[in-house]
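Reviewing the structure listed below.
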Amino acid sequence: MNTSFLNEMKKKMKGTMTVAVPHQDVLIIADVENNTGYDILAQMTMSFFASGRVPITALSFLYEDGELEPIFILGKTKKE
């Protein structure tokens, strides 16, 4: 990954910077400010992962101090 690009993006974030590469044609960079943001990120990543011709990973990563740390986002089910 291009660390200078990621560091520039990190400067623009208000919340937690996350990165995902679900398949060869998609790079998701998200500014997650609450738990709903993590749910949306997980749904987007899984959708692109499932639809891509060359899937890479359904995992998302936190970007902190120049390091990518994998995170597992467990989706919630709503009780009515």
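The values are calculated or read from the model by the stated rules, or taken from the named source; none is laboratory data. What you see is a predicted model, and the numbers here were worked out from it, not measured in a lab. Quick reminder, even Gly has a Cβ in these numbers, built from the backbone with ideal geometry, and neighbours come from all protein chains shown.
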task: Kindly provide the set of residues from the stretch 19-31 that are surrounded by 13 or more Cβ atoms within 10 Å (Cβ to Cβ) and either within 14 Å of Gly66 (Cα to Cα) or in contact with a Lys or Arg (Cβ under 8 Å, 6 or more places away or on another chain) (or both), ordered by number.
output: Val19, His23, Asp31
- prompt: Mind checking which pairs have a first residue in the stretch 1-18 that is surrounded by 11 or more Cβ atoms within 10 Å (Cβ to Cβ) and a second that is charged (D, E, K, R) and part of a helix (DSSP H, G or I), Cβ under 6 Å, 6 or more apart or different chains?
  reply: Met17/Lys10
task: Collect the residues in the stretch 53-71 that are aliphatic (A, V, I, L, M) and part of a loop (DSSP other than H, G, I, E, B), keeping them in residue-number order.
output: Val54, Ile56, Ala58, Leu59
- prompt: Of the residues Pro22, Pro70, which is in contact with a Ser or Thr (Cβ under 9 Å, 6 or more places away or on another chain) and free of Cβ contacts under 8 Å to residues at least 12 places away in the same chain?
  reply: Pro70
query: Here are some residues: Pro22, Pro55. Which one is touching a Phe, Trp or Tyr at 6+ places or on another chain (Cβ under 9 Å) and modelled with pLDDT under 95?
result: Pro55
task: Say whether the condition of being touching a His at 6+ places or on another chain (Cβ under 7 Å), free of Cβ contacts under 8 Å to residues at least 40 places away in the same chain and surrounded by 14 or more Cβ atoms within 10 Å (Cβ to Cβ) is met by at least one residue in the stretch 32-48.
output: yes
